[in-house]
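**Q** I have a structure here, written as structure tokens, and I will follow up with some questions on it.
The values are calculated or read from the model by the stated rules, or taken from the named source; none is laboratory data. Quick caveat, the model's predicted, so the values are computed rather than measured. Every residue, glycine among them, receives a Cβ derived from its backbone with ideal geometry; neighbour counts consider all protein chains shown.
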Amino acid sequence: MILEQARRTLTIEARAIEQVAEKLDERFETAVQLLLESKGRAVVCGIGKSGAIGRKLASTLAGTGTAAFFLHPAEAVHGDLGMVTGDDVVIVLSHSGETEEVLRIVPHIKRVGAKIVTLCGVPTSTLAQDSDCCLDTSVDREACPLGLAPTASTAAMLALGDALAMATMAARGMTVNDFARIHPGGTLGRKLLLRVSDLMHSGADNPTVPPDASVREALLVMTASSRRGVVSIVDPEQRLLGIFTDGDLRVLLSNRGPEAINLPISEVMTRRPTVAMPQHLAAEAARVLQENAYDNLPVVDDEGRAVGMLDIQDVLEAGLI
């Protein structure tokens, strides 16, 4: 009984969203065009369940390149209508299109000259008729066993709001870099903004030795200048020739005995190691580290010069893995 009701709910809501998609026409294109041409902001308005969806829509629009905020109808009539200007597009959400609190503010919105886009379940309603563009969110039935609780209708409205935001985002030509600029915080922002150069260790914290140095000399340099257990081997122009790690040392001593520390580092180094470049996304470098089980990733510039070292611990601390 429980699983049957759950599947019934999901099936009805999925069909409701399909129906909204089937009803899309030039009115949807008009709504997107109004948002694109607006010199102001998208003001999203609704009450009750529609208000909850409206808050989400305002947040989604703002996060995808369209300046937006949510306006509560009850607060609007007590002064917040002053936030609406003639350059704005007001997106009103109402299933019935006859919600009293919403209808009260429509004349004031029209008076300042703002455009009105409606997401409404009754295209013949007062609200729909008073809008510049009405997007139909009507559904055949609710998923509620009693046919009362807003379920399929709210799912349809939520999905159509997302479609409006995504279509507007695409029409603006928003890029990954544009998206990153307005999402600087959290894991998402770090993955989109952090470059290898932001996390790598350079200068004295990136020890290097020439190829004719002995393993012993390389170990002394590695130990004296870094705790990362890795040293880069470079030519006179600082171009990377290879790397040697403390893990390599353990294998070397196990296989060849303690006298191996007197060998030239060029003889035992890892040649042509996987590298990153300073301008690469740190998240991509983190993926390379994780997939190959590397502890360190040397960083080189366009000329192949060793300019830094990326450590798995720094990547972990940055929350990229």
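**Q** Could you list, in sequence order, the residues of the stretch 78-90 that are touching a Leu at 6+ places or on another chain (Cβ under 7 Å) and either assigned to a strand (DSSP E or B) or closer than 23 Å to LEU148 by Cβ (or both)?
**A** Listed by number, the list holds a single entry, VAL89.
**Q** I'd like to check which helices (runs of 4 or more DSSP H) are fully inside the stretch 92-184 and have at least 2 residues that are in the same structural domain as GLY54 (by TED's automatic domain parsing) and more than 34 Å from the chain's Cα centre (by Cα).
**A** Fully inside the stretch 92-184 and qualifying: 100-112, 126-130.
**Q** Quickly run through the stretch 202-247 and pick out the residues that are surrounded by 18 or more Cβ atoms within 10 Å (Cβ to Cβ) and either charged (D, E, K, R) or free of Cβ contacts under 8 Å to residues at least 24 places away in the same chain (or both).
**A** ARG228
**Q** Among the listed residues ARG141, ARG111, which satisfies the condition of being closer than 25 Å to ALA68 by Cβ and basic (Lys, Arg)?
**A** ARG111
**Q** Considering every residue within the stretch 143-155, establish whether at least one is free of Cβ contacts under 8 Å to residues at least 40 places away in the same chain, buried (at least 23 other Cβ atoms within 10 Å of the Cβ) and either hydrophobic (A, V, I, L, M, F, W, C) or out of contact with any Pro (no Cβ under 9 Å at 6 or more places or on another chain) (or both).
**A** No - not one qualifying residue is present in the stretch 143-155.
**Q** Is at least one residue of the stretch 204-213 closer than 21 Å to ILE312 by Cα and among the β-branched types (Val, Ile, Thr)?
**A** Looking through the stretch 204-213, at least one residue is closer than 21 Å to ILE312 by Cα and among the β-branched types (Val, Ile, Thr).
**Q** For the stretch 21-33, indicate whether the set of residues that are among the small types (Gly, Ala, Ser) and not in a helix (DSSP H, G or I) is non-empty.
**A** No, the conditions are met nowhere in the stretch 21-33.
Condition check ((1) at pLDDT 95 or above; (2) over 29 Å from GLU18 (Cα atoms); (3) of a type in the set (D, E, K, R)) across all residues:
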position: GLY63; (1), (2), (3): no, no, no
position: ALA74; (1), (2), (3): no, yes, no
position: LEU81; (1), (2), (3): no, yes, no
position: ILE91; (1), (2), (3): yes, no, no
position: GLU100; (1), (2), (3): no, yes, yes
position: ALA114; (1), (2), (3): yes, yes, no
position: LEU146; (1), (2), (3): no, no, no
position: THR154; (1), (2), (3): yes, no, no
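**Q** What are the residues in the stretch 55-72 that are in contact (Cβ under 8 Å) with a residue 24 or more places away in the chain and farther than 15 Å from LEU35 by Cβ, if any?
**A** LYS56, PHE70, LEU71, HIS72
**Q** From the list ARG305, ARG287, ARG272, which one is closer than 14 Å to ASN206 by Cα, among the basic types (Lys, Arg) and either in the same structural domain as ASN206 (by TED's automatic domain parsing) or surrounded by fewer than 20 Cβ atoms within 10 Å (Cβ to Cβ) (or both)?
**A** Unique residue meeting the criteria: ARG305.
**Q** Take the stretch 40-54 and flag every residue that is more than 23 Å from THR99 (Cα to Cα) and in contact (Cβ under 8 Å) with a residue 60 or more places away in the chain.
**A** Correct list: GLY40 only.
**Q** Do any strands (runs of 3 or more DSSP E) entirely within the stretch 232-321 hold 2 or more residues that are under 14 Å from VAL196 (Cα atoms) and over 28 Å from the mean Cα position of the chain (by Cα), and if so, which?
**A** So the answer is 306-311.
**Q** Go through GLY86, GLY65 for me and flag whichever is of a type in the set (Gly, Ala, Ser), assigned by TED's automatic domain parsing to the domain that holds GLU142 and surrounded by 14 or more Cβ atoms within 10 Å (Cβ to Cβ).
**A** Being of a type in the set (Gly, Ala, Ser), assigned by TED's automatic domain parsing to the domain that holds GLU142 and surrounded by 14 or more Cβ atoms within 10 Å (Cβ to Cβ) holds for just one of GLY86, GLY65, which is GLY65.
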